[in-house]
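For reference, the structure is listed below as structure tokens.
The values are calculated or read from the model by the stated rules, or taken from the named source; none is laboratory data. The structure presented is a predicted model; accordingly, all values stated were derived computationally and were not measured. Cβ coordinates were reconstructed from backbone atoms using ideal geometry, including for glycine residues, and neighbour counts include every protein chain displayed.
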Amino acid sequence: MSTLKDLYSAVAAGNYKDITGLVLKAIDEGISLDKIINQSLSAAMIDVGDKFGSGELYMPDMLLAAKAMKTAMDVIKPLLKGSEHIAEKGTVVIGTVKGDMHDIGKNLVIIMAEGQGFKVIDLGIDVDYSVFVDAIKQYKPDIVAFSGLLTTTLANVPEHIKAIEDAGLRKSVALAVGGAPVTQHFADMYGIEIYAPDASSAAKEFVKVMGAK
């Protein structure tokens, strides 16, 4: 299965130019789509995320790997239609909380979550409570993720949760929170199911929560 190894290496190295040919080669060899995604593409993105988190890789490396992953998925997605053995792992709605304009952390989480097979709805930055509520009604996500980089805007997270509760939607979603000032204690305090210190961990936690459903 050297083609799977080649695919893994191409994503890890951000080699987006050769990735299409490698995906087509793997398909020609009869390698299943789930193996291509799980053993090569997703596994490589997790590895890149871990190395980014430890400082071994930098933002440009992460973005190149994400581009390679997206290029590969552009080839694979049309082939997934009607495929019984593989499906999106779930839907994530994500946004930076009201009052906060930062989006780098959020964007990294999106890259990693999509790398693990999630459909991600990005609500952007400075997202009002009502926008999260409307998105839950529209997209019926499995996970709603709040991103915040400022200590001051963390105070808005409980208000976001209250708006979701008031709309009667709290039980239908798992909540996630992340950002520099966020801690496990903060998540526990407000009954938030998922806390992750970095983007790679967030994607792993998303997978774990979906596996427990």
Residue identified as buried (at least 17 other Cβ atoms within 10 Å of the Cβ) and more than 17 Å from the chain's Cα centre (by Cα) among Tyr16, Tyr58: Tyr16
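Listed here are the residues, each with its yes/no results for (1) in contact with a His (Cβ under 8 Å, 6 or more places away or on another chain); (2) more than 27 Å from Gly117 (Cβ to Cβ); (3) without any contact (Cβ under 8 Å) to a residue 24 or more places away in the chain; (4) buried (at least 17 other Cβ atoms within 10 Å of the Cβ).
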| position | (1), (2), (3), (4) |
| --- | --- |
| Leu150 | yes, yes, no, yes |
| Leu154 | no, yes, no, yes |
| His160 | no, no, no, yes |
| Ile164 | no, no, no, yes |
| Lys171 | no, no, yes, no |
| Gly178 | no, no, no, yes |
| Met189 | no, yes, yes, no |
| Ala202 | no, no, no, yes |
| Phe206 | no, no, no, yes |
Residue match in segment 67-83 (condition: aliphatic (A, V, I, L, M), out of contact with any Asp or Glu (no Cβ under 6 Å at 6 or more places or on another chain), assigned by TED's automatic domain parsing to the domain that holds Asp18 and assigned to a loop (DSSP other than H, G, I, E, B)): no
Flag if Tyr139 is over 17 Å from the mean Cα position of the chain (by Cα) and of a type in the set (Phe, Trp, Tyr): no
Test for Lys51: is it under 30 Å from Lys17 (Cβ atoms), among the basic types (Lys, Arg) and surrounded by fewer than 18 Cβ atoms within 10 Å (Cβ to Cβ): yes
Looking only at segment 137-174, and only at residues there that are of a type in the set (D, E, K, R) and outside any helix (DSSP H, G or I), the one that is farthest from Ile110 (Cα to Cα): Lys140
Residue identified as crowded, with 19+ Cβ neighbours inside 10 Å and at pLDDT below 85 among Gly115, Gly95, Gly90: Gly115
Unique match (being of a type in the set (S, T, N, Q), under 22 Å from Val182 (Cβ atoms) and at pLDDT 85 or above) among Ser40, Ser54: Ser54
Selection status of Asp28, more than 18 Å from Met210 (Cβ to Cβ), charged (D, E, K, R) and either assigned by TED's automatic domain parsing to the domain that holds Ala196 or under 19 Å from the mean Cα position of the chain (by Cα) (or both): no
Whichever residue in segment 84-136 is of a type in the set (Gly, Ala, Ser), outside any helix (DSSP H, G or I) and under 22 Å from Pro197 (Cα atoms) and, among such residues, is nearest to the chain's Cα centre (by Cα): Gly117
Of all residues making up segment 162-204, the number that are modelled with pLDDT under 95 and acidic (Asp, Glu): 1
The listed residue being basic (Lys, Arg) and either without any contact (Cβ under 8 Å) to a residue 12 or more places away in the chain or farther than 30 Å from Phe132 by Cβ (or both), out of Lys70, Lys5, Lys89: Lys5
